[in-house]
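Written out below as structure tokens is the structure these notes cover.
The values are calculated or read from the model by the stated rules, or taken from the named source; none is laboratory data. It should be emphasised that the depicted structure is a prediction, and the values quoted were computed from it without experimental measurement. Don't worry about glycine lacking a Cβ; one is built from the backbone with ideal geometry, like all the others, and counts go over all protein chains shown. The protein model used for the area step is the full one, side chains on, heavy atoms only, and it has no ligands, DNA or RNA in it. Shrake-Rupley method; radii C 1.70, N 1.55, O 1.52, S 1.80 Å.
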Amino acid sequence: DAGVIQSPRHEVTEMGQEVTLRCKPISGHNSLFWYRQTMMRGLELLIYFNNNVPIDDSGMPEDRFSAKMPNASFSTLKIQPSEPRDSAVYFCASRGGLAKYEQYFGPGTRLTVT
Amino acid sequence: AQSVTQLDSQVPVFEEAPVELRCNYSSSVSVYLFWYVQYPNQGLQLLLKYLSGSTLVKGINGFEAEFNKSQTSFHLRKPSVHISDTAEYFCAVSLYGGATNKLIFGTGTLLAVQP
């Protein structure tokens, strides 16, 4: 099992640019979660999907953030335009199948906005 | 609403000593409980979980946790730590029966194992 796959692992961009983070959940999992982790705010849930449908996006900071899940094996988190305060590590996690209650995390994408 | 409290932001301990990382939760309904570990520059990895049954749960790497409903606690323990156990540990809770519900995480405890 390849686990949750995230790309890129590192992203450095300039303020105002569009950033797209990608996630491939574990095959057979039907729930997907996007988190953001910073020293100041800790681990924050941004949005989660169940069967490709967004269930709770109350954690999305503002309209600059958007997330999609066009199919069961792919999700994107987009920031447009990016700002320095968006610098963080973004994690994707998935759940489902025999792992009915626990989430499995990807390695994360470290985003730096200059 | 549910909440999770990890009172200790950092726990220093010497190698081969025992350790306990504390976690308390608040919920008006039954919950599922989890401990995750995050090594530097990595994602979170599931250590153990309590869903039902025996209140003493054993996980990976020699860790165990005990669910105490009356004290609403789920403390993590290891009888003898190694340098390699140095990491951030997160306690988390989700609603009982809520397979679609999200996890609520604590703020984390940094376990710093010294030689």
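Show me the strands (runs of 3 or more DSSP E) found entirely inside the stretch A:42-106 where at least 3 residues are open to solvent by 30 Å² or more (accessible area, probe 1.4 Å) and modelled with pLDDT of 95 or more.
In the stretch A:42-106, A:65-71 are the strands (runs of 3 or more DSSP E) which contain 3 or more residues that are open to solvent by 30 Å² or more (accessible area, probe 1.4 Å) and modelled with pLDDT of 95 or more.
Checking A:Phe33 against (1) surrounded by 13 or more Cβ atoms within 10 Å (Cβ to Cβ); (2) more than 10 Å from chain B (Cβ to nearest Cβ), which single condition isn't satisfied?
The single condition A:Phe33 does not satisfy is (2).
Scanning the stretch B:11-62 for residues that are of a type in the set (D, E, K, R) and part of a strand (DSSP E or B), which turns out surrounded by the most Cβ atoms within 10 Å (Cβ to Cβ)?
Among those residues, the one meeting the criterion is B:Lys49.
Under 25 Å from B:Glu88 (Cα atoms) and within 14 Å of the chain's Cα centre (by Cα), is that true of A:Glu102?
no
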